[in-house]
Structures are given as structure tokens and as C-alpha cells.
Amino acid sequence: MSLKIRVIAPDKIVWDAEAEEIILPSSTGQLGILQGHIPLLTALDIGVMRVRINKEWKPIILLGGFAEIKNNSITILVNGAEEISKISIEETKADLEKATNLVEEAITNKEKIEATQILRKAKAKLQAATIINN
């Protein structure tokens, strides 16, 4: 028996497969889900969702949303998602540095909010790169 996982973004179904385990970036911290988990509805933060299939971890960047866990089925509704298969740690570190500079240079509240979102996504990409390259 395994977990049925579906990740749905506004424009497409990002993921629709079975897995042994999933770790979600919940708004209160990392949330691990195994078979037989109690029903749960949780808010998701920007971060890396990790899915374990055949003892290997696959990272997917989620841009916030909600997850419903019920009867070994997980439905995840997100604002956006990005599947990562190959990513360079050096490139992600450079992107993180650029994002950090954007936050420091932001003047208006709108610029600060947008720059912070970019920074959080850059941090998630670096985390995903670390998972892939290990």
C-alpha cells in the first residue's frame, strides 16, 4: 500500500503518482506523511516538498497552498510548483545572492513583499539542489 499524491496548480496538474512517503513544507514546519496518517488539512508555505519513491527522494518546489490528507490520498492545491530534476548548486547560490540584494534594495512595501517571495523561492531551490546533488 502506498500514498496517492496529486499536486494541482492553477494551470496544470504538476504531480499525479504514488509514493512511499512525503514531507511537506507546512506553514508550521516540515510535515512528514506516511501510510495510515490521520485526516488533516494544512496550509503550505513556500518550500520543498520531498517525495520518496523506491527509496529515492524527489524534490518539488511548492509556492504555497493547502494539502488535504485523507485515506492514504494527498491532494495538494498550490499557487505554483516547479519539478526539479537537474539543478546546479552554484547557479542556485548565485540566484540566492541576487534575491538577497533585491530584498536589501527594496524601498516600497510592494517591492519588499515581492523581493521576499523571490528570496524564499531561491532558498527553496537551493534546498532542492542540495537534495538532488547528494
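Observations on the structure shown:
- Ala99 being assigned to a helix (DSSP H, G or I) and either among the acidic types (Asp, Glu) or modelled with pLDDT under 80 (or both): no
- The combined condition, being over 13 Å from Ile76 (Cβ atoms) and not hydrophobic (A, V, I, L, M, F, W, C), is not fulfilled by Gly47.
- Candidate set from the range 14-37 (those that are more than 24 Å from Lys123 (Cα to Cα) and touching a strand residue (DSSP E or B) at 6+ places or on another chain (Cβ under 8 Å)); member that is surrounded by the most Cβ atoms within 10 Å (Cβ to Cβ): Ala19
- With respect to the stated conditions, Thr100 fails to be buried (at least 18 other Cβ atoms within 10 Å of the Cβ) and under 23 Å from Ile131 (Cα atoms).
- Listed by position, the strands (runs of 3 or more DSSP E) inside the range 1-43 whose residues that are more than 17 Å from Gly64 (Cβ to Cβ) and in contact (Cβ under 8 Å) with a residue 40 or more places away in the chain number at least 2 are 3-8.
- Residues of the range 44-79 satisfying the condition of being part of a loop (DSSP other than H, G, I, E, B) and in contact with a Gly (Cβ under 8 Å, 6 or more places away or on another chain): Asn72, Asn79
- Selected residue (only one of Thr75, Thr42 is closer than 22 Å to Lys123 by Cα, among the hydroxyl-bearing types (Ser, Thr, Tyr) and at pLDDT 85 or above): Thr42
The values are calculated or read from the model by the stated rules, or taken from the named source; none is laboratory data. Every value quoted in this text rests on a predicted model; they were computed, and no experiment measured them. Note that we place each Cβ from the backbone using ideal geometry, even for glycine, and neighbour counts take in every protein chain shown.
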